[in-house]
Amino acid sequence: MSRHFGQRAVVIGAGIGGLSAAGALSSAFQEVVILERDVLPASIMSRAGVPQDRHPHLLLAGGLQALDSLFPGFAQDLGAAGAVPVNVFKDVQYERPDVGALPRRDCGTSLLCGSRPLIEHTLRRKVTAIANVKVQSQSRVTEIVPAATRPMVKFENDAGVGAAIEADLVVDASGRGAPTLGLLDVLGWERPQETVVGVDISYTTAVLRPGRTSFDWQNLVTLPDPATSATAGLIIPLEGGRWFTSISHHGATNRPGTWEDYLAAARQLKTPAIYNAVYKLLPPGGLRHFVFDASRWRHFERLKRLPRGILPVADSLCRFNPVYGQGMTVAAREAKLLREILDRVAGEADPIEALQAGFMSEVGALLQAPWNMGVNADFAYPTTRGQRPERYEESRQFEAALFRAVVADPVVQRAFSDVVQLMEPFDLINSPDIRQRIEAHSLAQNA
């Protein structure tokens, strides 16, 4: 980048979204300061600010690609730290109630599966290696103070001692967007509209050591028929020769309390594959539970104006249902978009304003495809709350036709893989060739 946009950028939050954004900004500002309320562990371990980090997380191929472009060598470092390579779909048993297990074809992409603490730790090491990026832990942001030119971020340490720091740009990766929403309230400006889809998902997770147990898959996904069941199951590998196994319930009030309860729930899944894989094992750390109430898109991108120098990203902007594994990947892709726009507006007279406008004009399109894929699946469950997307029934019929074509046609399966891994836009599925193939298989099915 030919010149600096300003003296300092402040990033609120040191999760995947905040760390990714800090890396994207590092070449555009003399200093980037990340303020994080938690004590950040020096080793690979869970932290209080990420209560769901003891459950499965997926960094999809599109997220891995984005992080590797922002932090060269990230994928290599993640693999060296113990993340498990998984070929999509060659190593994935993906079971649906309508078409059965998808064919185990090599679709040309791979994942690196590991725990959330491993992924975050690897990324944090890449970020802290950047000379002008500073991570300041035990710094809980209390408010953003408006200013005509440079906003000020107020924060407190763990002893309650306050401090403040000025910035040319403040990136809100706090998770719920409270600092930005509070600033809008102070200014008397309009808050963003929200699209909320209530899912009331509870999931129960165990970490297992399969030992010498061997299967011909690395990832196993069993989906229910939403008309008759709300229970899905998952096994993914993680570092240290271990598995995550999880059972999720849409709209459920009961959850497994013991390993015996877990096995009983696994027996109720559409196929016995997960039960057969785990029933002889015993989780050394017991069961973990997490509840997620609603997906939430705060439409900051629709506001007529944002305070100068304020940019909400990641979960502050859009919080996805975690069962689809999209959140970390979308955050990484937002950071990649941020870097692309920085490069594009470097010559503008007011690059901060141009950056805000450019990011907000393009981020909606980035969010739309993963949001639609998730909520369309959610509304198949009768207990889901909220307004169904337009042409919902038509989209469900198209999805059924798509999966029939995925089973029959390697070209369609590869396109589907690239889209669901957020490597390619959803428009690929609607391209003339893929659409023609889907329609041809539907006609053959109905003949």
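Derivation of every value follows stated rules applied to the coordinates shown; laboratory data play no part. Nothing here was measured: the structure is a model prediction, and the numbers come from that model. Please note: Cβ atoms are built from the backbone with ideal geometry, for glycine as well, and neighbour counts cover all protein chains shown.
According to the Cα-based calculation, Rg over Rh for the range 392-446 is 0.94, with Rh computed by the Kirkwood formula. Of the residues LEU428, GLY325, SER395, the one whose Cα sits farthest towards the positive end of the charge dipole of the chain is GLY325 (charges of +1 on Lys and Arg Cβ, -1 on Asp and Glu Cβ, taken about the Cα centre). Compared with the dominant principal axis of the Cα atoms in the chain, helix 16-25 is inclined by about 50°. For the range 198-293, a simple Cβ point-charge model (Lys and Arg +1, Asp and Glu -1, everything else neutral) yields a dipole of about 340 debye relative to the Cα centre.
Taking only the C-alpha atoms of the range 1-61, the Rg (one decimal) and the largest Cα-Cα distance, Dmax (whole number), read 14.2, 42 Å. Using a cutoff of 8 angstrom between alpha carbon atoms and counting only pairs six or more residues apart, the relative contact order for the range 198-293 works out to 42 percent.
How many percent of all Cα-Cα pairs in the range 198-293 sit more than 24 Å apart? List each step's numbers first, then the result.
Working: 724 of 4560 pairs.
More than 24 Å apart: 16 percent of the Cα pairs in the range 198-293.
Working ranking of peptides 195-203, 414-422, 434-442 by packing, defined as the average number of other Cβ atoms within 10 Å per residue, highest first, is 414-422, 195-203, 434-442. Each eigenvalue of the Cα gyration tensor of the chain, multiplied by 5 and square-rooted, gives one semi-axis; in descending order these are 37, 25, 21 Å. Of the peptides 152-165, 319-332, the ranking by mean beta-carbon count within 10 Å, highest at the top, reads 319-332, 152-165. Separation of the range 258-334 from the range 378-396 is 19 Å, based on Cα centroids.
Between VAL171, VAL186, VAL86, find the one with the highest GNM mean-square fluctuation for the chain; connect C-alpha pairs within less than 10 Å. Ranking VAL171, VAL186, VAL86 by mean-square fluctuation puts VAL186 first.
Label positions at MET45 and ARG176, each projected 7 Å from the Cα along the C-beta direction, are separated by 2.6 nm. Modelled spin labels at VAL407 and LYS134, positioned 7 Å past Cα toward Cβ, are 5.9 nm from each other. Give the angle, between 0 and 90 degrees and rounded to the nearest 10, that separates the Cα long axis of helix 351-378 from the longest principal axis of the Cα atoms of the chain. Relative to the chain, helix 351-378 is tipped by roughly 20 degrees. A Gaussian network model of the chain, with springs between Cα atoms under 10 Å, assigns the largest mean-square fluctuation among SER361, SER295, SER26 to SER361. Expressed per residue, the C-alpha convex hull volume of the range 329-393 stands at 101 Å³. Take each peptide in 206-214, 375-383, count the other Cβ atoms within 10 Å of every residue, and average; sorted highest first, the result is 375-383, 206-214.
Return the subset of LYS126/LYS304; LYS90/LYS336; LYS154/LYS304; LYS126/LYS270; LYS126/LYS280; LYS90/LYS270 for which the Cα-Cα distance in this structure is over 31 Å, preserving the input order. The answer is LYS126/LYS304; LYS126/LYS270; LYS126/LYS280. With contacts taken as Cα pairs under 8 Å and at least 6 residues apart, the chain reaches a relative contact order of 20 percent.
Farthest towards the positive end of the charge dipole of the range 198-293, among the residues THR258, LEU281, TYR203, is the Cα of LEU281, using unit charges on the Cβ of Lys, Arg, Asp and Glu.
For the chain, DSSP calls about 70 percent of its internal beta bridges antiparallel. The GNM of the chain, with springs linking C-alpha atoms under 10 angstrom apart, assigns the highest mean-square fluctuation among GLY108, GLY241, GLY285 to GLY285. The alpha carbons of the range 127-225 give a radius of gyration and a Dmax of 21.7, 64 Å, in that order.
Taking 0.36 nm per residue of separation and subtracting the current Cα-Cα distance, fully stretching the chain between GLU390 and ASN254 would add 45.7 nm. Pairs of Cα atoms nearer than 8 Å and 6+ residues apart set the relative contact order; for the range 392-446 it is 38 percent.
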